[in-house]
Amino acid sequence: MEIKVADIIRSLPGTDTLPSDTVDGILYGSLDVIVSGVAVTFLATANYCKRAQELGCNLVISHEGIWFSHRDQQPEQLIHSAIDQVYQRKRDLLQEHDLVIYRYHDGIHRALPDRITAGLVAELGWQDLIIREEPAYSIIELKTSLGELIQHIKNSLGLSYVRYIGSEKSTIRRVLIAVGYRGSGSLILPLIQREAIDLVIYGEGPEWEIPEHIRDANDFGINRSLIIIGHGASESPGIKLLTAELTDRFRSIPIRYLPFENPILIG
């Protein structure tokens, strides 16, 4: 039986509850295209668009937007895209390989549970340690040191480094996990005291908010810690989880996971 792009999209968790201003949707191509295979990734980079075609996948599900902006989804709406050759070359690449790109951001976060957070928790082996699971964050309970947690996270996620604040010898019991760009003070600060949080783990956030709060806390002798994983590294395990779900649901076509590759080097 032929499977269309629309069939894949309808199966995605959370797409039935999308807000009117959602960023989700087709960024290139058509819902009526017959799917030969699906590549699932954090972000459909130029390299991954080529890789998808090599793997026989003409549908790419990208969690983040492909035009270097969260809200602006169509390059023709961006004045600078007309004079920046990167935009034109990427459009040419999509056309050359007959790819369909679907942005799947809001839906996967609105699904219950949020597959992105669930994926990170599962990759870290903490499913049985969850004591609270909210749409924007999860809280786990354990007993270990910050140093041991840093090493565990690096080993589990295959990371060469994480950024952190706190003493590696400090004891960690209650951990708040917020994936992606959820490291804002407006979300996390009210939770730290209320939930007796020892450690915050997030993807990224403003560096003058939570990091500075943690620094002041420690200067006052209040034991709090922070681990910053990085946006893509914190969300890619959820994309891996989604890939497994799609593989179980659509067994007649290849479903390929393309893991996040950090473009930022350490000097």
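The values are calculated or read from the model by the stated rules, or taken from the named source; none is laboratory data. Please read these numbers as outputs of a predicted model, since none were measured by experiment. In this analysis, Cβ positions are derived from the backbone assuming ideal geometry, glycine residues included, and neighbour counts consider all displayed protein chains.
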Here is a check on your reading of the model: is Leu142 buried (at least 20 other Cβ atoms within 10 Å of the Cβ) and modelled with pLDDT of 95 or more? no
Could you please find all residues in segment 199-225 being buried (at least 16 other Cβ atoms within 10 Å of the Cβ) and closer than 30 Å to Pro13 by Cβ? Leu199, Val200, Ile201, Tyr202, Gly203, Glu204, Gly205, Ile210
Taking the conditions exactly as written (touching a residue at least 40 places away in the same chain (Cβ under 8 Å) and touching a strand residue (DSSP E or B) at 6+ places or on another chain (Cβ under 8 Å)), does Ala196 satisfy them or not? no
Inspect all residues belonging to segment 201-212 and state whether any of them is touching a residue at least 24 places away in the same chain (Cβ under 8 Å), aromatic (Phe, Trp, Tyr) and out of contact with any Asp or Glu (no Cβ under 6 Å at 6 or more places or on another chain). yes
Within the set of pairs 6 or more residues apart or between chains, which connect a residue that is without any contact (Cβ under 8 Å) to a residue 12 or more places away in the chain inside segment 54-78 to a residue that is among the aliphatic types (A, V, I, L, M) and assigned to a loop (DSSP other than H, G, I, E, B) with Cβ atoms less than 8 Å apart? Ser69/Leu78; Asp72/Leu78
